[in-house]
Ligand SMILES: O=C(O)CCC(=O)C(=O)O
Ligand SMILES: [Fe+2]
């Protein structure tokens, strides 16, 4: 390893100089990948999370009572099966807020290519990735980073990411890193139809007051994130991504075959979403919980790194544009015989608040509560 990529003196052991570590990982852009590559034997203290925040696999409960079989989306096009599939999708959104889908229109080849592209980008030399750090990146919709909000976090997360917000083809062709550009665009474009279909189905499930064309408002903005969780010396002491809910309407998540994604079942415990070859994970985000006045659940989830392999995941975050108002849809509270629990606010306000704090479970939703 050259001196330029490893300015950190890594004595194996849990304590390394704190400010030097932060500079090396966050500011210089070496990321946790840089730490992992430096031959670290044990987890630096800054990555150790309090015991209650760690994922103890022994405490994970059986998923089968809560997570159904992957839903076959092609059946939405068959008259005789349509009603049942709609009920399955809306039921999963109401109960767990997480489900898996198959026959979703994104081919296996596209899924494989995008996972490979994540490895391609994160295996670049650190100085190349650092060119995309916030403050250096030539395009504000394309940035590379580590953890979630390092400046606001007591304990850091064992994850690097590249965020690609789609505005138009010209911008993507010019600014998305070559190592992953085409694969990410192909993935996003082939997922668009499915995203629209799932969101319209979920909005229709909220009742006839909802005009299904409203879906265009809520899937206007899409960001592909490439998450990279390098091999970790002590994954049981840290988190890859801490307990959080997404700010989205829905998130489409591709995970690789390593596993390590956990979802909270309220009052019961945590289940693991098992990797299923060719399936995509869909989860409800805060926006849809707010629009549905709490009927659909934005589920708390988290992920863990592996001690033997680099793990990748590729979420597509589907959100309204910043100037779209979000709030419980008209008539819904009366229909569900419930009080109105969320206020009306601009999605942009919600987003600013969301990214201004560290991951703390579903606390993000408090900002929209009445
Ligand atoms: O890596 C995963 O499986 C989950 C990632 C995630 O929750 C996120 O990026 O919001
Ligand atoms: Fe998430």
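Just so it is clear, none of the values below were taken in a lab; they were calculated from the coordinates. Keep in mind it's a predicted model, so treat the numbers as computed, not measured. Glycine gets a Cβ as well: all are built from the backbone with ideal geometry, and neighbour counts include every protein chain shown.
Here are the numbers for this structure:
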{"quantity": "For the stretch 9-114: span of alpha carbons on each principal axis (Å, largest first)", "calculated": "65, 34, 20"}
{"quantity": "Rounded if a/c under 1.5, otherwise prolate or oblate - the stretch 317-366, Cα gyration tensor axes", "calculated": "oblate"}
{"quantity": "Spin-label model distance (nm) - residue 58 vs residue 196, 7 Å beyond Cα toward Cβ", "calculated": "5.1"}
{"quantity": "Residue of 102, 252, 314 that the Gaussian network model of the chain assigns the largest fluctuation, springs spanning Cα pairs under 10 Å", "calculated": "102"}
{"quantity": "Whole-angstrom gap from the stretch 300-321 to the stretch 22-45, using each part's C-alpha centre", "calculated": "19"}
{"quantity": "Per-peptide average of other Cβ atoms within 10 Å, ordering 353-359, 260-266 highest first", "calculated": "260-266, 353-359"}
{"quantity": "When the stretch 111-153 is reduced to its Cα atoms, the Kirkwood hydrodynamic radius in Å", "calculated": "11.7"}
{"quantity": "With Cα atoms, 0 to 90° folded angle of helix 181-204 axis to the chain main axis", "calculated": "30"}
{"quantity": "Calculated log₁₀ intensity ratio I(q)/I(0) where the Debye formula runs over C-alpha points of the stretch 286-370, q = 0.24, 0.26 Å⁻¹", "calculated": "-1.26, -1.38"}
{"quantity": "Rg ratio (alpha-carbon, reference 2.2 N^0.38 Å) - the stretch 105-217", "calculated": "1.31"}
{"quantity": "Relative contact order computed over the stretch 1-160 (Cα-Cα under 8 Å; 6+ residues apart), in percent", "calculated": "26"}
{"quantity": "Mean separation of Cα contacts under 8 Å, 6 or more apart, over the residue count of the stretch 188-342: relative contact order %", "calculated": "33"}
{"quantity": "Two-decimal Rg to Rh for the stretch 224-355 - Kirkwood Rh, Cα set", "calculated": "1.03"}
{"quantity": "Tensor-based shape of the stretch 72-129 (alpha-carbon gyration tensor, a/c under 1.5 rounded, otherwise prolate or oblate)", "calculated": "oblate"}
{"quantity": "Per-pair calculated FRET efficiency, R0 = 45 Å: residue 216 and residue 154 via Cβ, rounded to 0.05", "calculated": "0.65"}
{"quantity": "Relative contact order (percent, whole number), the chain, Cα cutoff 8 Å, 6+ residue spacing", "calculated": "20"}
{"quantity": "Antiparallel %, DSSP beta bridges [both residues in the chain], to 5", "calculated": "90"}
{"quantity": "For the stretch 165-262: rounded, prolate or oblate by the Cα gyration tensor [a/c cutoff 1.5]", "calculated": "oblate"}
{"quantity": "Cα point-scatterer Debye curve for the chain, base-10 log of I(q)/I(0) at q = 0.08, 0.09, 0.12 Å⁻¹", "calculated": "-0.39, -0.50, -0.90"}
{"quantity": "Segments 139-145, 46-52 sorted - mean Cβ within 10 Å per residue, highest first", "calculated": "139-145, 46-52"}
{"quantity": "Per-peptide average of other Cβ atoms within 10 Å, ordering 281-291, 173-183 highest first", "calculated": "281-291, 173-183"}
